[in-house]
Amino acid sequence: MTERCLRMLAVLVFSLAVQGLVAQDKAAAMIEFSSGEDIVVIRAGRRLPTSDPIGLELYQGDQIQTGRGVFVELRVLAGSSLIKLAENTTFVLERLSDGETSLRLVYGRIRAKVTKLAGSDTFTVASAQAIAGVRGTDFGVDVVATKAMSVGATTTRAYCFEGAVEVTAFVQPGSLADEGLEPIPRAYIVNAGEMLKVEGDARNAEATKESLDDAIREYWKANDYVEDIEADETPSVAATPTEPEAPVVDERAIFERGYAEGYAVARAEFEPAPDYVPAGYISESELEEVRDAARLQAGGIVAASLIGVGGAAMAAWGGVQAASGDSAGAVYSLTTAAYISAAAIPFLILALFANP
């Protein structure tokens, strides 16, 4: 019975491992559109070449960063949902398998047009302050910072254009932080034309629900999905008639003000430093140390070999002297051969212990 259980456990572990490898090897999304080449894609700690990003397949765990003025559209292959990344955005494809699509927005703004999900499938976008989950809708999430906010403070805005979004906000009143308590998760339903704003830092964060800002409508109207523009369709995000007109320039200015302290920090979190070395590789400095050690080892071996040859030659001469009856000369030669051979020992030790 015990042996049977162990076999079943081994089969289960093997099956899960195979499923994990298959999921990892299968592309999860693809870049369908990019307005520029300033895109960084990091996979397993290594930056991929993205000189021609359109058509690039993306995998679970990939990190995508867009530069100034660059907008990117991703197609999730399972379910065919469409995701648009705005400029100056840092974004992670955390999980895209087994019916679960989990995305993480570190900084910037995205818009997602999610097709109707089936069964128990899920689609979520998370930030440090909130998690937005949908079943099928058109919605967006922003994570921005402004110079007017304190260091480390950000604003997460989850908003809806069509359908509804379930948002869990992590609220942290200052009193809870003072007592060392964890943030309180609060659930909200954000309907079309509404948004939930979570503002603050790790010590003090509050959530407020309000009408969708017209500046956000205008921003995404000006940067709509390419397929909608090409089809000459009416943009799904229509500006509501309000006075004064939506301050598009002001909205971009707010976003740009937070670039230096928000997006740059987020980008540095994921983009490897120039001297970054992925696991399994060695850096240039480490490579130079290996080369130096190899040179020392080679030098030690060569020196020990030459000295050993000299000692062997002297020992052979001592043997010749002994054969000819010159016992005194033979003793001298053999003693000298022993000293010479002993002199090779330090070089052998150097070759043995010369490690980087």
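Computed quantities for the displayed model
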| item | result |
| --- | --- |
| Under 16 Å from Lys221, Cα to Cα: lysines that are on another chain or at least 8 residues apart | Lys84, Lys113 |
| Simple Cβ-charge dipole of the range 284-353, Lys/Arg +1 and Asp/Glu -1, about Cα centre, in debye nearest 20 | 380 |
| Inter-part distance where the range 82-154 and the range 302-356 are each reduced to a Cα centre, Å | 75 |
| Shape category assigned to the range 284-353 from the gyration tensor of Cα positions, a/c cut at 1.5 | prolate |
| Most positive-pole-ward Cα, Phe353, Gly300, Ala337, against dipole of the range 284-353 from beta carbon charges | Ala337 |
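Each value in this text was obtained by applying a stated rule to the coordinates, not by laboratory testing. These numbers were taken from a predicted model, which means no experiment stands behind them. FYI the Cβ positions are ideal-geometry reconstructions off the backbone, even for glycines, and counts take in every protein chain you see.
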